[in-house]
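This report concerns only the one structure given below.
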Amino acid sequence: MSADFDVVVVGSGINSLVCAAETAKRGLKVCVLERNAEIGGCIRSDELTLPGFVHDTLSGFHPLFVTSPAFAALREDLEDAGLEYRNNATPTGALMPDGTFAILSTSRARNERAFDELCPGDGAAFSAQMRVCDDFSKLVFGLLGGEIWSLPTLRLLITEAWRHTPRGLVGFFGESLQSSRQWLDSSFQGEALKALLAPWILHTGLGPDSVLSGFMNRLIAFTLEAAGMPVVAGGAGRFANAFQLVIERHGGEVLAGADVTRIDVARGRAIGVSLRDGRRITAGRAVVCNVTPTQLYLSLLQLQDVPAAIQRAARAYRYGRGDMQIHIALAEPPRWTQSALCEVVMVHITGGVEAVATAVSEAERSLLPASPTIVVGQPSVVDVSRAPGNGAVLWLQLQELPRKVRGDAAGLIAAPSGGLWNDEIKEKFADRVLALLRPHIENIDTALLARRVLSPVDLEALNINLVGGDPYSGACTLDQSFLWRPLSLTIRHETHIKNLYHIGASTHPGPGLGGISGHLVAKIL
């Protein structure tokens, strides 16, 4: 009997949409199934606070996607379907409690001048570090954009060893294992530049003392300098809408409210899926799942279809810190005490490397941080359509939070029963965050019209992959990255079940909204 579709994709996050769009373009009949009422996974926008104020509910910034091979393959189709990005020359900045600030631009020369003004020598040191990224860019983006277990990767390593010498290549890998603190302290003298770069390691799910975090710090700076901080014009939801249109134009289907409860397996081969409402959808070529390994191997597959070793590995898969967001509607744009920050797309309020490390440590000890790093996203800086009149929206993110709250490092907020986040805890912590913002944004109280707080529990309710409010679908420590993501027993994005593929933030190369894993599986298909 013929199957309903060639490819069935479970979940509609960025990797699912990339995989579906690319395979549909190549002539395969594709169906995307999303359990929620809206597609997009972590890419959606809503009027969370007041009518007319468009907030990117979960994620909202796409530097990794616009530089990815997936965007290169789909750009014309997506733009024809209405996708438009807005960007500027000042992607990120940092502001310290004493008013010291630093801004990263998209100009290498401008950055060198600015950082030298902050601390003589730091500008030249920054340019030198970016040249290292330039020199090793083929290797780095080849490893992050390809399958680790593959002949192309082996050829890449041989080529790079020939180009840099084996000792040079080994030296690069050794240096890449440095922590963020080690890399920053050995590369720069001034605290302002360190404070500018250090908080970005939080966006990888790591901390400043984690192995490999120095490499990630350098790579993020390189990417932001090259691509800026693009946001989707009109809200992130238009990203998902454009993908749906591309998929449907090429004969595919995208179904929301379709909750997959089981992957159907026959004779060791994935043949389709079963839905909660009783429907069964068959797949002739592949079933592609954008889920966590916990869901895939312990829920969607029947246990008799999963070897005991993989079951144990899936149970041992670890999730990272919790995350909270505060979405704010303002009657007018924020007035920063340092006016140069008014045009920066994302600002970190931070005390520097030590402050980030302290907050991470508190969160990992199940405490609410006394002074968390505050991520202040300002999409209205580049997209005025996000708010009516002269209004603006702010996207605040707190990434140093416990999944369960056992106490408060400041000793002011009582731990909830059982450690579970509730509305009282999230609102009290949001009050702390706004109190830390007041010295830096003059009109934060007078311009504030409404706020909406999303706790780790709220985030998981919005997206089942955000276990415990972990925005990265699994801890990104070295033992759960590269060859070991998601499991040491899995190879590439294949599984032990024929025709069953695993994509998403839980798989290589991890989180980041680049669409890489979906692109890689599309190439296979």
Reduced to Cα centres, the span from the range 21-48 to the range 228-297 in Å works out to 6
Quick one: with all protein chains in place, what share of the accessible area of the range 392-525 is carbon or sulfur, to the nearest percent (1.4 Å probe)? 53
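How would 383, 445 line up by accessible area, probe 1.4 Å, largest first? Each step should come with its number before you reach the end.
On the way: 383 0, 445 85 Å².
Ranked from most to least accessible, the order is 445, 383.
Per the helix-only calculation at 222 nm, which mean residue ellipticity applies to the chain, given -39500 (n - 2.57) for every DSSP H run of n ≥ 4 and division by its residues, nearest 500 deg cm²/dmol? Intermediate results must be reported in sequence, preceding the final value.
Details: 17 runs with 181 residues, N = 525.
Taking each H run of at least 4 residues, the total per residue is -10500 deg cm²/dmol.
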Roughly how many nanometres apart are two label points built 7 Å out from the Cα toward the Cβ at residue 185 and residue 150? 3.8
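What is the calculated FRET efficiency for residue 298 to residue 4, with r their C-beta to C-beta distance and R₀ = 30 Å, to the nearest 0.05?
0.70
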Net charge (Lys, Arg +1; Asp, Glu -1) of residues whose beta-carbon lies under 11 Å from that of residue 195, residue 195 excluded, is -2
Given a 1.4 Å probe, how much area per residue of the range 384-428 is accessible, in Å²? 46
Each residue of the range 94-102 in order: what ³J(HN,Hα) in whole Hz does its phi give by Karplus 6.51 cos²θ - 1.76 cosθ + 1.60, θ = phi - 60°, with x for Gly and Pro? 9, 10, 9, x, 7, x, 5, 9, 9
Probe radius 1.4 Å, ligands and nucleic acids ignored: give me the carbon and sulfur share of the accessible area of the range 1-84 as a rounded percent. 47
Any chance you could give the angle, 0 to 90 degrees and rounded to 10, that helix 122-135 forms with the longest Cα principal axis of the chain? 10
Can you give me the solvent accessible area of residue 134 with a 1.4 Å probe, rounded to the nearest 10 Å²? 70
Roll a 1.4 angstrom probe over the protein heavy atoms and tell me the percent of accessible area of the range 171-281 that is carbon or sulfur. 47
1.4 Å probe accessible area per residue over the range 47-122, in Å²: 44
Normalised by the number of residues in the chain, what is the relative contact order in percent for Cα pairs under 8 Å and 6+ residues apart? 24
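Please count, across the chain, the pairs of lysine residues with Cα atoms under 24 Å apart that sit 8 or more places apart or on different chains. Walk me through the numbers before you get to the answer.
Values: 25/498; 25/523; 29/498; 29/523; 138/523; 404/426; 404/428; 498/523.
Qualifying lysine pairs in the chain: 8.
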Measure of exposure for residue 493: accessible area at 1.4 Å probe, Å² rounded to 10, is 0
Extension gain, residue 312 back to residue 98 (0.36 nm per residue minus Cα-Cα distance, nm): 72.1 nm
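Could you grab the relative contact order for the range 89-180? Cα pairs under 8 Å, six or more apart, rounded to a whole percent. Intermediate values should be presented prior to the final figure.
Numbers: 55 pairs, mean separation 11.1, N = 92.
After rounding, I find 12 percent.
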For residue 76 paired with residue 364, estimate the spin-label separation in nm (one decimal), with each label point 7 Å from Cα along the Cα-to-Cβ line. 4.8
Among the trypsin sites (Lys or Arg not before Pro) within the range 179-287, which fall in a DSSP loop and have no more than 11 other Cβ atoms within 10 Å of their own Cβ? 267
Computed label-point distance, nm, for sites residue 256 and residue 107 using a 7 Å Cα→Cβ extension: 4.3
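The values are calculated or read from the model by the stated rules, or taken from the named source; none is laboratory data. Values in this document were obtained by computation on a predicted structure and should not be read as measured data. So basically every Cβ, Gly included, is an ideal-geometry build from the backbone, and we count neighbours across all protein chains shown. Quick note on the areas: whole protein, heavy atoms, side chains included, nothing else; ligands and nucleic acids left out. Shrake-Rupley method; radii C 1.70, N 1.55, O 1.52, S 1.80 Å.
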